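**Student:** This is the structure I have questions about; it appears just below.
The values are calculated or read from the model by the stated rules, or taken from the named source; none is laboratory data. Here the structure is a predicted model, which means the values were calculated and not measured. Counting neighbours? That spans all protein chains shown, and the Cβs are built from the backbone with ideal geometry, glycine included. Just so you know, the surface numbers come from the protein's heavy atoms only, side chains and all, with ligands and any DNA or RNA stripped out. Shrake-Rupley method; radii C 1.70, N 1.55, O 1.52, S 1.80 Å.
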Amino acid sequence: MTQSDTQRQENAPTPQAAQPQLPAAPAYGVSTIGEVFTSAAAALGDARFTNALRLPAAKRVCIVLVDGLGKALLKQRAGHAPFLRSVVAADSEGEHPRTIQAAFPSTTATSLTSLGTGAAPGAHGMLGYDVLDPAQDKVVNLLGNWDAGVDPLNWQPCPTVFEQLDGHIPTATVSLPKFEHSPMTRAALRGSTFLGATSTQARVQLAAQTLAANPTMLMYLYWSELDKAGHAHGTDSPEWEHQLEELDASMKRLAATVPAGTLILLTADHGMVDVPRSARIDFSVFPELVAGVRHTAGEPRMLHLYLEPDAGTAARTALIAAWVDRFGNKAWVLTREQVVEAGYFGEVTAQAAQRIGDVLVLAREPVAFYDLRRVRAQAMEVVGQHGSITKAEREVPLLRIPTTARFTKGKRR
């Protein structure tokens, strides 16, 4: 066997052990979170963009991104959202899809970057909550705790839709003030006028006033409260239901105060599943599950496992077998090549490929995996979780909320 033959054998995908059938990859370019901004820009009249979601033409578009609101959760808890329930029941006109998919992994850093850029994760490189930075040989966070050695503009090179619209269509972001200059905003959502407001009521008011002051605009309105309640208390909790009720009332108020004819779209970055305490597992206590592993990263429901540089196919095969043997059908355990070939990240650049684990563990049942050598024990207190490819995590709504306000010459009538 020649050296090149040996190298090809080392790089070949490890045959997948007997596991449940994988769900289909997100339909990038067709009906995912990545088509929301680009379709909105096209609906506003910018011919450089494709209206993949078949949105109606509009002068103003307000995209409400509700962190953590999966389609299944909205359906299950519809009794706590009478206004949104009525929107779902009445939204029979138009050709736009009512359900779209989160990016993969189904996590905020990844989906918001696909939203902001219109690119699949394999292009923008935001491949999880935290991932390996090959240049530093260390795991770096991509959400709220960026590493000083990572430049957001270099890490995420794709231009945002906001940047592309600059000078053509006014854009605005209405969000919490603390996010204005965050590395995550700079990576995923740079280029718009940032308008900060802390309370939900203030954000709705600011959004309505800003839209009324601009004859045309693309606006992004971020809603974080539901996700926080889900993480802390679970989606089957009074706290989560209260936040859904607050969202519902706020969307009704928004519809009544924005200029007539504004296209309001409500969607989400991912869904959520509640994981019982007994199913939150510290996998680092099992030697066979970390044998040959140099770094662990990702989400508790979507792990990146990075092997030591000298680990070969046999080590990877043994690691996969160990995970399958211990957890069976609770998770899909795949190689980097299998996940890339399945299209989960879309087309993957050479730079992004280096950030993907050698082995990936995708939770299938309500279970979460932690490496307590690397994360604090408090992380295991999180109830509502996401990151994997299950329907509950990847399917999100796309609701068109009709306006009920009427304006004449910029004033409400």
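**Student:** Residue under question is LEU142, and the condition is that it be buried (at least 20 other Cβ atoms within 10 Å of the Cβ) and closer than 21 Å to PRO105 by Cα; does it hold?
**Tutor:** yes
**Student:** Can I ask one more? Report whether or not LEU195 is closer than 25 Å to GLN385 by Cβ, at pLDDT 95 or above and not β-branched (Val, Ile, Thr).
**Tutor:** Against the criterion (closer than 25 Å to GLN385 by Cβ, at pLDDT 95 or above and not β-branched (Val, Ile, Thr)), LEU195 does not qualify.
**Student:** GLY328 passes all but one of (1) open to solvent by 20 Å² or more (accessible area, probe 1.4 Å); (2) part of a loop (DSSP other than H, G, I, E, B); which number fails?
**Tutor:** All conditions pass for GLY328, except number (2).
**Student:** Go over the candidates THR257, THR235 one by one and state the one that is touching a Gly at 6+ places or on another chain (Cβ under 6 Å) and among the β-branched types (Val, Ile, Thr).
**Tutor:** Testing whether each residue is touching a Gly at 6+ places or on another chain (Cβ under 6 Å) and among the β-branched types (Val, Ile, Thr) leaves just THR235.
**Student:** Considering (1) in contact with a helix residue (DSSP H, G or I) (Cβ under 6 Å, 6 or more places away or on another chain); (2) crowded, with 17+ Cβ neighbours inside 10 Å, say which one THR173 fails and leave the rest.
**Tutor:** Looking at each condition in turn, THR173 falls short on (1).
**Student:** Continuing with the same structure: Scan (1) touching a strand residue (DSSP E or B) at 6+ places or on another chain (Cβ under 8 Å); (2) surrounded by fewer than 24 Cβ atoms within 10 Å (Cβ to Cβ); (3) among the β-branched types (Val, Ile, Thr) for the single condition ILE356 breaks and write down its number.
**Tutor:** Result: ILE356 passes all but (2).
**Student:** Within the stretch 209-226, count every residue that is open to solvent by less than 10 Å² (accessible area, probe 1.4 Å), among the aliphatic types (A, V, I, L, M) and outside any strand (DSSP E or B).
**Tutor:** 2
**Student:** May I ask you to list the residues in the stretch 157-177 that are acidic (Asp, Glu) and within 21 Å of the chain's Cα centre (by Cα)?
**Tutor:** Residue satisfying the conditions is GLU163 alone.
**Student:** Would you pick out the residues in the stretch 144-159 that are assigned to a loop (DSSP other than H, G, I, E, B) and touching a strand residue (DSSP E or B) at 6+ places or on another chain (Cβ under 8 Å)?
**Tutor:** Hits for the stretch 144-159 are ASP147, GLY149, VAL150.
**Student:** Within the stretch 46-76, count every residue that is assigned to a loop (DSSP other than H, G, I, E, B), open to solvent by 30 Å² or more (accessible area, probe 1.4 Å) and touching a residue at least 40 places away in the same chain (Cβ under 8 Å).
**Tutor:** Going through the stretch 46-76 one residue at a time, the tally reaches 4.
**Student:** When the residues of the stretch 227-248 are filtered to those that are within 30 Å of PHE162 (Cα to Cα) and in contact with a Phe, Trp or Tyr (Cβ under 7 Å, 6 or more places away or on another chain), which remaining residue is surrounded by the fewest Cβ atoms within 10 Å (Cβ to Cβ)?
**Tutor:** Checking each candidate, the answer is ASP248.
**Student:** Can you say whether LEU153 is surrounded by 16 or more Cβ atoms within 10 Å (Cβ to Cβ) and modelled with pLDDT of 95 or more, as far as the supplied structure shows?
**Tutor:** no
**Student:** In the stretch 98-120, which residues are among the polar types (S, T, N, Q) and not in a strand (DSSP E or B)?
**Tutor:** SER106, THR107, THR108, THR110, SER111, THR113, SER114, THR117
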